[in-house]
Amino acid sequence: MSELRVLHLADVHFDATFKCRSADLRARLRGAIRESFCRAVDIAIERNVDVVLIAGDLFDGDRLSFVTEKLIFDQCRRLQEEGIPMCYATGNHDPALEGARQSRIQWPDNVKVFGMTQPEEFRVVGLNDELKGIVVGCGHEGPAESANLAASFPIANEPVPHVGLLHTMVTAAKSTESHDRFAPCTMEDLRRTDYDYWALGHIHLRQTVDEAANAFYSGNLLGRNPRETGPKGALLVDVQHRRPPQVAFVPLAPIEWVNLRPGDLSSVSSVSELGDLVLAAFRDATAGSGADDWVVVVDLDGECPLAVDMQQPEAVLELEDVLAGHLGVSAVEVRTENLRAPIDVDVHRDEPHILGEVLALISEAGENRDVLLQLCPEPMSHGVKDAAEREAYLRRLLTGLDREAVRRLLLPAERAR
């Protein structure tokens, strides 16, 4: 029985513009995309694939450097020398517009570009010219394709593996809320074709879309922001006619994004202690990862004795450099929006100012039912039906109110410091 081995990539986004403060990090991430693509070609050659599939957004747009263009050409020639074709379907970032950057590239003869919305067929042949499989694909002709392109794909009609190649939003897939609704389709659109594998792009989260349709997103080749964490790469797939595909993930990205939330910071009073806490969280989050490097986002929240020291942007930048060295990574971004200085409520009790009066009122309301009910004499909603429920509800509102009062009344002073 004929078997077709494919390497499925998508959403490479060559020369993407990364939103990082550091120009060096932006350059490092763009270089990591090129490195990931070269690794993909290495895998294609080492594993003797029959065809490399790219399901759209090979380019991030018209901003393509000469260095990247030469790299793409050289890697395609490597595949050509090994007799491996590449099928590439355009997406919303790299549509087949006349004069667009991708259309000006002189592709080697082994590259088939699907740039029209009407599906085309590419027949994959073996060493003895036997038909090993059929790739059916189409592409985006414009940057905001709204038509259901999958609906026009023909039904499989030959006894060999059939593969669909498309950049699309499958409406029932995971993580669609993070992507624009381009070339939308349903699972039924994919199932209808009776294909043995669907190589999809556009959604950056790697996933099995639908086992009944044999439909998969490979995810993007490199995380583009802190929301796209974890290993990134390609799918190595063995496709047989009328049998479930054998799909294996191949990690390729040399850099991964990782988000850390170190936990309770209430007793952390030195940078050294904070560094050790972040390091422990980092080791847990990256255990088993094959990446060479990481971009780390550290969310610091809750009360911490260091909060006042980290109110100045310069201090945060210094902390980021210290943590990057401590973790041994390219970059660390520290977020302190939810970090608060510790509050000792008792220090402000019985003092002759408005904060002392507010704390006294909160304390009296907690001890005296009549005072509590006077604070809210009107009937309430929130599903409260009687006086007992109203009292219980008000007491729940008192929980932590003293600390919040101190925080809010002292906030201008903290900012002034």
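The values are calculated or read from the model by the stated rules, or taken from the named source; none is laboratory data. Owing to the predicted nature of the structure, the values given are computational and were not obtained by experimental measurement. Neighbour counts run over all protein chains shown; Cβ positions are idealised from the backbone, glycine included. Calculation scope for accessible area: heavy atoms of the full protein, side chains included, ligands and nucleic acids excluded. Shrake-Rupley method; radii C 1.70, N 1.55, O 1.52, S 1.80 Å.
Things to note:
- Taking the criterion of being without any contact (Cβ under 8 Å) to a residue 60 or more places away in the chain, over 21 Å from the mean Cα position of the chain (by Cα) and within 22 Å of ASN92 (Cβ to Cβ), the residues of segment 13-63 that qualify are VAL52, ASP62, ARG63.
- Candidates in segment 1-24 are the residues that are touching a Leu at 6+ places or on another chain (Cβ under 8 Å) and at pLDDT below 90; of these, the one that is surrounded by the most Cβ atoms within 10 Å (Cβ to Cβ) is PHE18.
- Subset of segment 55-68 that is more than 23 Å from HIS204 (Cα to Cα) and assigned to a helix (DSSP H, G or I) - its residue that is most open to solvent (accessible area, probe 1.4 Å): PHE66
- Residue within segment 251-258 that is within 26 Å of PHE122 (Cβ to Cβ), in contact (Cβ under 8 Å) with a residue 60 or more places away in the chain and buried (at least 20 other Cβ atoms within 10 Å of the Cβ) present: yes
- Residues of segment 25-37 satisfying the condition of being open to solvent by less than 60 Å² (accessible area, probe 1.4 Å) and among the basic types (Lys, Arg): ARG34
- Checked across segment 203-215, the condition of being over 30 Å from GLY99 (Cβ atoms), open to solvent by 60 Å² or more (accessible area, probe 1.4 Å) and among the hydroxyl-bearing types (Ser, Thr, Tyr) holds for at least one residue.
- Selection of segment 188-202 for residues being more than 21 Å from THR90 (Cα to Cα) and open to solvent by 10 Å² or more (accessible area, probe 1.4 Å) yields GLU188, ARG191, ARG192, ASP194.
- Contact map, segment 171-196: residues that are within 30 Å of PRO159 (Cβ to Cβ) paired with residues that are basic (Lys, Arg) and open to solvent by 70 Å² or more (accessible area, probe 1.4 Å), Cβ distance under 8 Å, separation 6+ or inter-chain. Pairs shown: ASP196/ARG242; ASP196/ARG243.
- The residue that is surrounded by the most Cβ atoms within 10 Å (Cβ to Cβ), among those in segment 301-335 that are touching a residue at least 60 places away in the same chain (Cβ under 8 Å) and outside any helix (DSSP H, G or I), is ALA331.
- Within segment 166-203, the set of residues being over 22 Å from the mean Cα position of the chain (by Cα) and not in a loop (DSSP other than H, G, I, E, B) comprises MET187, GLU188, ASP189, LEU190, ARG191, TYR197.
- Test: residue in segment 273-287 that is open to solvent by 70 Å² or more (accessible area, probe 1.4 Å) and among the hydrophobic types (A, V, I, L, M, F, W, C): yes
- Pair list, Cβ < 8 Å and 6+ apart or interchain, from segment 91-118 residues that are closer than 17 Å to ASP74 by Cβ to residues that are assigned to a loop (DSSP other than H, G, I, E, B) and among the polar types (S, T, N, Q): GLN102/THR90
- Criterion: loosely packed, with under 13 Cβ neighbours inside 10 Å, part of a loop (DSSP other than H, G, I, E, B), at negative phi and among the charged types (D, E, K, R) - qualifying residue of ASP109, ASP129: ASP109
- When segment 212-265 is filtered for residues that are within 23 Å of ASP50 (Cβ to Cβ) and in a loop (DSSP other than H, G, I, E, B), the ones remaining, listed by number, are ALA213, ASN214, SER218, GLY219, LEU221, HIS241, ARG242, ARG243, PRO244, PRO245, LEU252.
- ASP293 meets the conditions (1) under 28 Å from ARG39 (Cβ atoms); (2) over 27 Å from the mean Cα position of the chain (by Cα) in every case but one. The failed one is (2).
This table checks each residue for (1) of a type outside the set (D, E, K, R); (2) part of a helix (DSSP H, G or I).
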| site | (1), (2) |
| --- | --- |
| ARG34 | no, yes |
| CYS38 | yes, yes |
| VAL52 | yes, no |
| ASP74 | no, yes |
| HIS93 | yes, no |
| VAL113 | yes, no |
| THR117 | yes, no |
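- Among the residues of segment 336-361, those that are of a type in the set (A, V, I, L, M, F, W, C) and open to solvent by 30 Å² or more (accessible area, probe 1.4 Å) comprise VAL347, ILE354, VAL358, ALA360, LEU361.
- ASN157 open to solvent by 30 Å² or more (accessible area, probe 1.4 Å), out of contact with any His (no Cβ under 7 Å at 6 or more places or on another chain) and under 25 Å from VAL49 (Cβ atoms): yes
- Candidates in segment 365-410 are the residues that are of a type in the set (Ser, Thr, Tyr) and at pLDDT 75 or above; of these, the one that is nearest to VAL345 (Cα to Cα) is THR399.
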